[in-house]
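Let me begin by presenting the structure, written as structure tokens, before commenting on it.
The values are calculated or read from the model by the stated rules, or taken from the named source; none is laboratory data. Values in this document were obtained by computation on a predicted structure and should not be read as measured data. Heads up, the Cβs are rebuilt from the backbone with ideal geometry, glycines too, and the neighbour counts pull from every protein chain shown. Heads up: the accessible areas ignore ligands, DNA and RNA and are worked out on the full protein's heavy atoms, side chains in. Shrake-Rupley method; radii C 1.70, N 1.55, O 1.52, S 1.80 Å.
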Amino acid sequence: MMFKLRSTILKDIRILFRDRLGLIFMFIMPIILAIVITAVQNSTFEILNTNTVPTLLCNRDTGEAGKQMEIAINKVGMFNLKQVTPNISEKEIANRMHAKDAVVAIIIPSNFTQKLKHKSEETAKKALKNFGMSIDSQHVTDNDSVQPVTVFYHPVLQESFRRSIQGALKSSLQMVQNREVLKSLYFSLNETALPDSLENELINNQLAINEIPISRDGSRNIPNATQHNIPAWTIFAMFFVVISLGSSVVREKLNGSFVRLKTLPTNYLVALISKQLTYLLVTFIQALVIFSIGIWLFPLMGLPRLNIPTDIAGVIIVTLICGWCAVSYAIMIGVFAKTQEQANGIGAVSIVLMAAVGGLLVPSFAMPSSFQYILKASPLHWCLQSYYGLFLEGGKLRDVILNIIPLLGITLLIQLITLYGLKRKNLI
Amino acid sequence: MSNAAVSINHLGFTYPGQSSSCFSNLSLTVQEGERFGLFGPNGAGKTTLMHCITGLLSYQQGSIKLLGYEIAQHKKSVNKLFGYVPQDFSFYQELSPAENLAFFGAWAGLQKNEIKNKTTELLEVLGLADVRNKRVEQFSGGMKRRVNLAIGVMHNPRVLFLDEPTVGVDVHTRHAIINYLIKLNEEGGTTLIYTSHQLAEAEELCNKVALIDDGKIIAHDTLQQLVADYKEEGLEGLFINLTGKSFRDS
């Protein structure tokens with residue numbers, strides 16, 4: 001039995017290494033995917049965190065609040081501001097944005113200081129009235145509301161990016177407004193202007209936000225595009241063995257080798273075990289190669305380095321289980337497909353669908369609620385959750401066991417379906 | 001008295017999903033040591049019958065015994081007793097002849113040394129020794145046929161099934177294959193069960209023939225006896241006499 005299995009594994013390895021197209025699909029394609037997608041996501045990440053957004057700033061206001069607003073926007077740090085003349089028309093702004101001069105334009109309206117001041121005085125009066133302090137004011141109440149700060153966006157900007165910009169501007173606006181309200185309140189109470197030192201202390205003494213990524217091992221590594229993408233695309237690569245393995249099973253059926261094997265005194269299960277062991281080794285090598293690229297090549301390319309979890313045994317076990325599931329799925333496709341084209345088509349499309357549903361392309365928490373149940377049927381989801389438990393959360397094998405159990409369940413189900421298919425086709 | 005290599009009794013077989021049966025009540029015996037030829041028009045049931053005998057298809061009625069073993073009950077255990085050379089190239093084109101023989105030899109139950117010796121012998125006899133390490137996908141049709149045959153005889157089977165083993169090969173390869181098969185039968189005592197449309201070749205090889213048409217055995221005897229009975233000059237005349245001249249493509 002062991003001699004037969006050894007001979008079959010040797011045969012499978014020989015065939016595998018002579019299938020150049022299959023090797024490209026299994027190794028080169030996922031490596032390219034991992035590099036390209038990590039680079040793209042990292043670039044977006046850097047735009048949001050380190051790079052600045054080219055922005056046109058048109059300050060039509062001549063007062064203090066307009067200047068304060070400019071300072072506040074500058075302080076946000078995410079804009080690369082280019083001042084434009086106050087009398088520039090909206091059409092000219094649009095033209096400059098079409099010419100890729102900027103992707104955002106901010107217009108501070110002409111009477112911004114005056115209107116904001118009136119609004120602040122009104123707010124201060126209301127506040128004092130609430131405290132039971134009635135103060136006569138010689139100011140005439142202006143019922144006109146403050147004209148909004150207008151922001152133009154280039155259509156290439158994604159929704160999430162626009163929201164970030166909007167959040168930053170709202171924060172700036174709030175700061176300017178608060179300053180004016182505070183100044184009005186101080187003046188109403190003391191009839192003198194708010195001293196600069198006190199103004200700075202009150203306005204600029206904001207509490208800091210301490211961002212801490214949660215982790216099970218207590219590390220404070222900030223998750224980056226590499227840490228997200230490498231596990232995801234490793235899983236994708238493993239499941240893409242369907243192109244080589246699924247085709248190999250179909251080819252064996254079509255070229256008559258199956259017929260010959262059936263007439264020999266050996267059970268076809270030996271061939272199945274051999275294929276599983278051979279391709280399990282392939283998926284393991286895939287993971288090793290992609291992880292190595294993340295560790296050693298990415299930093300040379302200016303991308304963040306992949307941090308390998310402390311629980312190496314856990315990573316190995318999760319990798320083997322993910323690989324086994326991927327191999328089982330590929331064999332099932334091969335057993336049921338009637339042609340190589342069918343195996344390749346169904347295999348590739350189903351992997352992309354399962355990757356999408358499983359949260360590899362879009363985070364699972366961002367999916368519609370109806371998909372929250374469907375995604376649990378995707379083995380790629382459980383693979384990803386297991387890897388994320390180790391790579392992002394710094395967990396150990398026991399921490400991801402609840403992800404491994406469903407993954408093993410799905411794998412066993414796939415194996416049973418495969419055996420049923422082989423039995424139905426009189427192959428075992 | 002010789003023993004039956006294959007004994008078929010009242011065989012009934014219908015392909016799943018089909019209403020009409022392929023065989024009903026078919027009986028046939030092939031004795032050990034015979035070079036038996038099974039002939040018939042396209043679609044007559046030759047390959048299907050071979051698949052039933054070799055266990056590739058499960059029959060619904062009757063019995064098939066191979067060297068005394070009921071096929072339906074002892075599929076895997078009797079598989080080492082026979083060899084099968086399918087009509088299609090049933091091996092791995094990505095591998096060399098030596099690699100194919102090593103793999104199929106292991107599956108046939110041979111040990112490492114037996115595989116090594118038999119591979120050398122077969123590749124020599126079939127003229128493939130010089131290309132033993134070349135990939136089969138680079139071979140001509142004739143060379144591939146010889147590889148197909150070598151795999152079938154690798155484990156010294158007592159009964160060898162050959163489904164059109166010389167289709168699409170040149171005269172030299174045909175002669176080499178037929179001569180090798182005769183030698184295998186005469187020296188090793190291997191029973192040959194052979195189908196082909198090459199009737200002249202069949203006359204050279206077979207000492208017993210059966211004609212099958214529409215799932216029934218319509219003639220079964222030595223070639224000389226059948227030719228004499230039907231007053232024909234050879235197998236081709238006998239074939240047309242018994243099966244008619246119309247096309248049988250369905």
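Within the range A:386-403, how many residues are open to solvent by 10 Å² or more (accessible area, probe 1.4 Å) and over 21 Å from A:Ile212 (Cβ atoms)?
So the answer is 5.
Need the failing condition index for A:Asn229 against (1) within 29 Å of the chain's Cα centre (by Cα); (2) surrounded by fewer than 21 Cβ atoms within 10 Å (Cβ to Cβ), just the number.
A:Asn229 satisfies every listed condition except (2).
Identify, please: which residue in the range B:88-100 is over 23 Å from the mean Cα position of the chain (by Cα) and of a type in the set (Asp, Glu) and is, among those, nearest to the other protein chains (Cβ to nearest Cβ)?
Result: B:Glu94.
Looking at the range B:2-34, which of its residues are out of contact with any strand residue (DSSP E or B) (no Cβ under 9 Å at 6 or more places or on another chain) and either on the phi > 0 side of the Ramachandran plot or surrounded by 18 or more Cβ atoms within 10 Å (Cβ to Cβ) (or both)?
Quick first cut of the range B:2-34, residues out of contact with any strand residue (DSSP E or B) (no Cβ under 9 Å at 6 or more places or on another chain) only: B:15-20.
Correct list: B:Gly17 only.
Here are some residues: B:Thr190, B:Thr222. Which one is in contact with a strand residue (DSSP E or B) (Cβ under 7 Å, 6 or more places away or on another chain), surrounded by fewer than 15 Cβ atoms within 10 Å (Cβ to Cβ) and of a type in the set (Ser, Thr, Tyr)?
B:Thr222
Looking at the range B:40-74 only, could you name the residues that are part of a loop (DSSP other than H, G, I, E, B) and within 14 Å of chain A (Cβ to nearest Cβ)?
B:Thr54, B:Gly55, B:Leu56, B:Leu57, B:Ser58, B:Tyr59, B:Gln60, B:Leu67, B:Ile71, B:Ala72, B:His74
Here's a check for you: in the range A:81-106, which residue that is small (Gly, Ala, Ser), open to solvent by 30 Å² or more (accessible area, probe 1.4 Å) and at pLDDT 85 or above is nearest to A:Met69 (Cα to Cα)?
A:Ser89
Restricting to the range A:90-114, what's the tally of residues that are in contact with a helix residue (DSSP H, G or I) (Cβ under 9 Å, 6 or more places away or on another chain) and in a helix (DSSP H, G or I)?
3
Please state which one of A:Thr8, A:Thr62 is among the β-branched types (Val, Ile, Thr), surrounded by 15 or more Cβ atoms within 10 Å (Cβ to Cβ) and either within 14 Å of another protein chain (Cβ to nearest Cβ) or over 22 Å from A:Ser292 (Cβ atoms) (or both).
A:Thr8
Restricting the search to the range A:325-350, which residues are open to solvent by less than 20 Å² (accessible area, probe 1.4 Å) and in a loop (DSSP other than H, G, I, E, B)?
Residue satisfying the conditions is A:Ala337 alone.
Residue by residue through the range A:107-133, note down the ones that are closer than 30 Å to A:Val156 by Cα and buried (at least 18 other Cβ atoms within 10 Å of the Cβ).
Hits for the range A:107-133 are A:Ile107, A:Ile108, A:Pro109, A:Phe112.
In the range B:116-138, which residue that is of a type outside the set (A, V, I, L, M), over 22 Å from B:Phe82 (Cβ atoms) and in contact with a helix residue (DSSP H, G or I) (Cβ under 7 Å, 6 or more places away or on another chain) is nearest to the other protein chains (Cβ to nearest Cβ)?
B:Asn133
Just one of B:Phe103, B:Phe82 is within 10 Å of chain A (Cβ to nearest Cβ), touching a strand residue (DSSP E or B) at 6+ places or on another chain (Cβ under 7 Å) and under 26 Å from B:Lys118 (Cα atoms); which is it?
Answer to the selection: B:Phe82.
Test B:Asn9 against the stated conditions and say whether it is assigned to a loop (DSSP other than H, G, I, E, B), closer than 20 Å to B:Asp214 by Cβ and not charged (D, E, K, R).
For B:Asn9, the condition - assigned to a loop (DSSP other than H, G, I, E, B), closer than 20 Å to B:Asp214 by Cβ and not charged (D, E, K, R) - is not met.
Give the residues of the range A:351-385 that are exposed (fewer than 15 other Cβ atoms within 10 Å of the Cβ) and polar (S, T, N, Q), sorted by residue number.
Result: A:Ser369, A:Ser370, A:Gln372.
Return the residues of the range A:412-428 that are without any contact (Cβ under 8 Å) to a residue 24 or more places away in the chain and surrounded by 15 or more Cβ atoms within 10 Å (Cβ to Cβ); say none if nothing qualifies.
Correct list: A:Leu419 only.
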